[in-house]
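To start, the structure itself, in structure tokens.
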Amino acid sequence: MSENVFVTLTAESAPAAARPILEASEQKFGYLPEAVGRMALSPQTLKGFLTVNGIFEQTTLAPLDREVLILTVATRNSCHVCVAMHTATLVRQEAAPELVEALRSRKPLPDARLEALRVFTHAVMDRCGAVGDEELRAFLDAGYTPQNALEVVLGIGTYTISTFANRMIDAPLDPPLAAFAWDGDAL
């Protein structure tokens with residue numbers, strides 16, 4: 001049903017409020033991602049995701065930490081678009097292949113600090129934020145801060161918007177991301 005309801009808009013066919021966002025996305029990526037074109041049906045949702053994503057990118061979490069969090073949420077929520085896009089990001093950042101594979105396969109990470117982040121992210125999602133003292137202590141003992149713990153909440157919220165929207169609109173994988181396609185389990 002989503003393919004009939006959630007059509008892909010362009011800068012020309014989108015609501016006026018979404019047009020500058022679509023134009024900027026096309027300029028940034030060199031093409032208009034289908035997910036962005038479909039999410040443009042609600043300029044507020046599209047703008048909301050991009051706004052909180054911009055804020056999330058300004059957190060004190062390192063870029064690699066943010067990507068670990070994003071892929072943890074994306075695989076958990078079975079968003080093939082986000083998994084492919086952020087796998088591509090990690091490959092461009094020259095992340096260790098074993099790290100990328102572990103994230104994509106939902107397995108423990110080879111780096112203890114990043115594994116603590118992955119486990120903590122799952123704990124926050126599993127317990128709707130009400131993590132236990134032991135889980136919080138393990139996260140802090142891995143070198144993260146109380147500020148980072150709250151930034152994990154921000155990252156989860158940011159990528160819950162994206163993953164839920166992409167699944168609802170049945171966003172197809174864009175050809176430039178085909179090499180990073182993910183065939184993870186559906187929920």
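The values are calculated or read from the model by the stated rules, or taken from the named source; none is laboratory data. What you see is a predicted model, and the numbers here were worked out from it, not measured in a lab. Neighbour counts are summed over all protein chains in view; Cβ atoms, including those assigned to glycine, are modelled from backbone coordinates with ideal geometry.
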For the range 117-142, enumerate the residues that are in a loop (DSSP other than H, G, I, E, B) and out of contact with any Leu (no Cβ under 9 Å at 6 or more places or on another chain).
127, 128, 129, 130, 131, 132
Residues of the range 87-123 being over 23 Å from residue 181 (Cβ atoms) and of a type in the set (Gly, Ala, Ser), in sequence order, are 112, 116, 123
Where the second residue is assigned to a loop (DSSP other than H, G, I, E, B) and of a type outside the set (A, V, I, L, M, F, W, C) and the first is under 22 Å from residue 24 (Cβ atoms) and lies in the range 46-71, which pairs have Cβ atoms under 8 Å and are six or more apart or on separate chains?
63/93; 66/57; 66/59; 67/93
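Let's see how each residue does on (1) surrounded by 13 or more Cβ atoms within 10 Å (Cβ to Cβ); (2) in contact with a helix residue (DSSP H, G or I) (Cβ under 9 Å, 6 or more places away or on another chain); (3) in a helix (DSSP H, G or I):
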site	(1), (2), (3)
7	yes, yes, no
27	no, no, yes
35	yes, yes, yes
50	yes, yes, yes
53	yes, yes, yes
75	yes, yes, yes
Determine whether the range 82-89 contains at least one residue that is out of contact with any His (no Cβ under 9 Å at 6 or more places or on another chain), polar (S, T, N, Q), modelled with pLDDT of 95 or more and part of a loop (DSSP other than H, G, I, E, B).
no
